[in-house]
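Report on one structure; see the data block that follows.
The values are calculated or read from the model by the stated rules, or taken from the named source; none is laboratory data. Bear in mind the structure is a predicted one, so any value in this text is a computation, not a measurement. FYI the Cβ positions are ideal-geometry reconstructions off the backbone, even for glycines, and counts take in every protein chain you see. Areas reflect the complete protein model, heavy atoms only, side chains present, ligands, DNA and RNA absent. Shrake-Rupley method; radii C 1.70, N 1.55, O 1.52, S 1.80 Å.
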Amino acid sequence: MDIQAHINEVWPKLHALAEPAFKEVRTAAFLADFLRKLGYDVTENVGNTTALTAVLDSGKPGPTVAVRTDMDCLLFKNEDGSLEPIHACGHDAHMTIALGVAKLLKEQGLACGRVKILCQPAEEIGRGALAMLEAGALDDVQYALGYHVMPKDMARSGQIIAQINWTACTLMEGEIRGLAAHGSQPHLGVNAIDAGAAIVNAINALHSNPLLGGSIKTTRFMGGAGSLNAICDKVSIGFDLRSTSNAEMLELRRKVEDIVVNTAKVYGAEADCHIVGTCPAAEADPSLLALTQEVISAELGAGGLIPAANITVGEDFNFFKQERPQLKTASLGIGCDLEPRLHDRDMHFDHSALANAINVLTNLTQRILCVKP
């Protein structure tokens with residue numbers, strides 16, 4: 001297989017097919033057609049979504065190794081107010097890699113077991129992995145391999161991170177409901193802004209173990225849209241929570257909800273708080289991490305291996321491990337001189353570096369299939 005020719009042919013097509021979460025119709029059709037022509041057993045519309053799976057079965061007993069790619073893009077607002085879909089997070093690169101791995105594995109053949117290509121929608125809104133889990137797409141999988149192109153300051157072309165330690169993140173929003181009154185008679189009302197300010201101060205006073213990287217930021221505070229001489233009766237408030245520990249994240253969520261609800265009560269207001277979106281932290285499997293490091297070193301040399309790297313971003317691939325604890329998972333970071341940053345509409349990268357990812361993931365898959373239980 002001419003890997004560079006594959007990249008040059010496939011990436012531009014996928015880049016042009018940019019579609020947002022759960023609307024990846026043309027993208028999914030392209031992937032399904034490509035994989036079906038390779039001889040994979042393709043299942044479309046998994047979970048009544050755009051998700052699809054493609055299986056290559058050796059016909060011999062062995063594990064099932066899943067290679068996961070995300071499919072969706074981001075939407076950017078133009079000056080005229082229109083929304084433009086752009087692959088500014090590298091999912092076009094991820095799909096190009098997955099198809100390259102699928103093609104190379106088909107050419108090489110499998111000694112045993114099965115390979116399952118997971119084409120996942122809606123990563124950007126944190127719901128695609130859960131949709132595939134709910135549909136049972138991971139029920140027959142023992143190993144799951146994820147990967148992501150990385151910013152230049154984390155990995156250069158010719159380097160691959162063996163394990164990205166993604167951070168757990170949760171977005172929460174709440175509503176504080178007071179009682180409107182005339183500004184000249186504040187004692188007759190309940191000022192939702194007063195309650196909201198106290199909530200923000202209480203949130204800022206929370207402290208967690210610095211080694212776990214826990215943090216809570218107030219990211220929204222909206223209220224008082226009426227007259228300037230009216231006591232505000234409603235405030236919308238939002239929070240961003242981060243931690244490297246899934247256990248700590250659960251505790252942070254509980255504390256935020258308790259503070260919002262109970263602090264509002266002190267001021268005579270009512271409040272509720274709920275989760276808008278969440279992603280768990282990465283949980284690497286030690287034995288699979290060691291094998292991943294070995295494969296990267298063998299393919300790229302010792303200088304091409306970055307053993308592990310921490311990042312404060314979330315990734316919904318980690319739902320696979322959280323919901324299926326028996327899974328062995330790896331999350332690789334692909335160096336490709338990506339600039340200026342992820343989620344920038346002008347993001348660009350070294351396409352030739354995708355060849356390293358295709359070779360490493362193919363070899364890693366073959367090595368896993370040869371591992372004796």
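Quick check on the stretch 237-248. Is at least one of its residues β-branched (Val, Ile, Thr) and either closer than 26 Å to Leu327 by Cα or modelled with pLDDT under 95 (or both)?
Start the filter on the stretch 237-248 by keeping residues that are β-branched (Val, Ile, Thr), which leaves 237, 244.
Then keep just the ones that are either closer than 26 Å to Leu327 by Cα or modelled with pLDDT under 95 (or both); that gives 244.
Looking through the stretch 237-248, at least one residue is β-branched (Val, Ile, Thr) and either closer than 26 Å to Leu327 by Cα or modelled with pLDDT under 95 (or both).
Between a first residue in the stretch 359-373 that is closer than 18 Å to Gly146 by Cβ and at pLDDT 95 or above and a second residue that is among the aromatic types (Phe, Trp, Tyr) and open to solvent by less than 10 Å² (accessible area, probe 1.4 Å), which pairs have beta carbons less than 7 Å apart while being 6 or more apart in sequence or on different chains?
That search, which allows pairs on different chains as well, returns Leu361/Tyr147.
In the set Ile164, Ile97, which member is touching a residue at least 40 places away in the same chain (Cβ under 8 Å) and in contact with a helix residue (DSSP H, G or I) (Cβ under 9 Å, 6 or more places away or on another chain)? Explain how you work it out, then say what you get.
Values: Ile164 fails: in contact with a helix residue (DSSP H, G or I) (Cβ under 9 Å, 6 or more places away or on another chain).
Only one candidate qualifies: Ile97.
Return the residue satisfying two criteria in turn: it lies in the stretch 290-299 and is open to solvent by less than 40 Å² (accessible area, probe 1.4 Å) and among the aliphatic types (A, V, I, L, M), and of such residues it is farthest from Gly174 (Cα to Cα).
Val295
Do we have Asn48 as in contact with a His (Cβ under 8 Å, 6 or more places away or on another chain), outside any strand (DSSP E or B) and either without any contact (Cβ under 8 Å) to a residue 24 or more places away in the chain or of a type outside the set (Ser, Thr, Tyr) (or both) here? Reasoning before the result, please.
Values: in contact with a His (Cβ under 8 Å, 6 or more places away or on another chain): no; outside any strand (DSSP E or B): yes; either without any contact (Cβ under 8 Å) to a residue 24 or more places away in the chain or of a type outside the set (Ser, Thr, Tyr) (or both): yes.
No; evaluated as a whole, the condition is false for this residue.
Among the residues of the stretch 169-178, is there at least one that is under 30 Å from Ala357 (Cα atoms), open to solvent by less than 40 Å² (accessible area, probe 1.4 Å) and touching a residue at least 40 places away in the same chain (Cβ under 8 Å)?
Taking the stretch 169-178 as the starting set, the residues that turn out to be under 30 Å from Ala357 (Cα atoms) are 169-170.
Add one more test, that the residue is open to solvent by less than 40 Å² (accessible area, probe 1.4 Å), and what stays is 169-170.
Going one step further and asking which of them are touching a residue at least 40 places away in the same chain (Cβ under 8 Å), we end up with 169-170.
Yes: one or more hits.
Take the residues in the stretch 323-362 that are among the hydrophobic types (A, V, I, L, M, F, W, C) and within 17 Å of the chain's Cα centre (by Cα), then tell me which one is most open to solvent (accessible area, probe 1.4 Å).
Filtering the stretch 323-362 down to residues among the hydrophobic types (A, V, I, L, M, F, W, C) leaves 327, 330, 332, 334, 336, 338, 342, 347, 349, 353-355, 357-358, 360-361.
If we keep only those that are within 17 Å of the chain's Cα centre (by Cα) too, we end up with 330, 332, 334, 342.
Values: Ala330: 3, Leu332: 1, Ile334: 1, Leu342: 37 Å².
The residue in question is Leu342.
Being modelled with pLDDT of 95 or more, aliphatic (A, V, I, L, M) and assigned to a helix (DSSP H, G or I) is the filter here, so list the residues in the stretch 299-338 that pass it.
Leu300
Scan the stretch 73-112 residue by residue and report those that are among the charged types (D, E, K, R) and open to solvent by 40 Å² or more (accessible area, probe 1.4 Å).
So in the stretch 73-112, the residues among the charged types (D, E, K, R) come out as 77, 79-80, 84, 92, 103, 106-107.
Lys77, Glu79, Asp80, Glu84, Lys103, Lys106, Glu107, listed by residue number.
Tell me, which residue of the stretch 1-45 that is part of a loop (DSSP other than H, G, I, E, B) and small (Gly, Ala, Ser) is surrounded by the fewest Cβ atoms within 10 Å (Cβ to Cβ)? Reasoning before the result, please.
Residues of the stretch 1-45 that are part of a loop (DSSP other than H, G, I, E, B), as a first pass: 1-2, 17-24, 39-40.
Those left that are additionally small (Gly, Ala, Ser): 18, 21, 39.
Values: Ala18: 21, Ala21: 21, Gly39: 11.
Among residues in the stretch 1-45 that are part of a loop (DSSP other than H, G, I, E, B) and small (Gly, Ala, Ser), the one surrounded by the fewest Cβ atoms within 10 Å (Cβ to Cβ) is Gly39.
Quick one: which residue in Gln159, Gln185, Gln120, Gln142 is open to solvent by 20 Å² or more (accessible area, probe 1.4 Å), under 25 Å from Leu338 (Cβ atoms) and polar (S, T, N, Q)?
Values: Gln185 fails: under 25 Å from Leu338 (Cβ atoms); Gln120 fails: open to solvent by 20 Å² or more (accessible area, probe 1.4 Å); Gln142 fails: under 25 Å from Leu338 (Cβ atoms).
Checking each option against the conditions leaves just Gln159.
For Val149, indicate whether it is of a type in the set (A, V, I, L, M) and in contact with a Cys (Cβ under 7 Å, 6 or more places away or on another chain). Give the derivation first.
On the way: of a type in the set (A, V, I, L, M): yes; in contact with a Cys (Cβ under 7 Å, 6 or more places away or on another chain): yes.
Here the answer is yes, as Val149 does meet what is asked.
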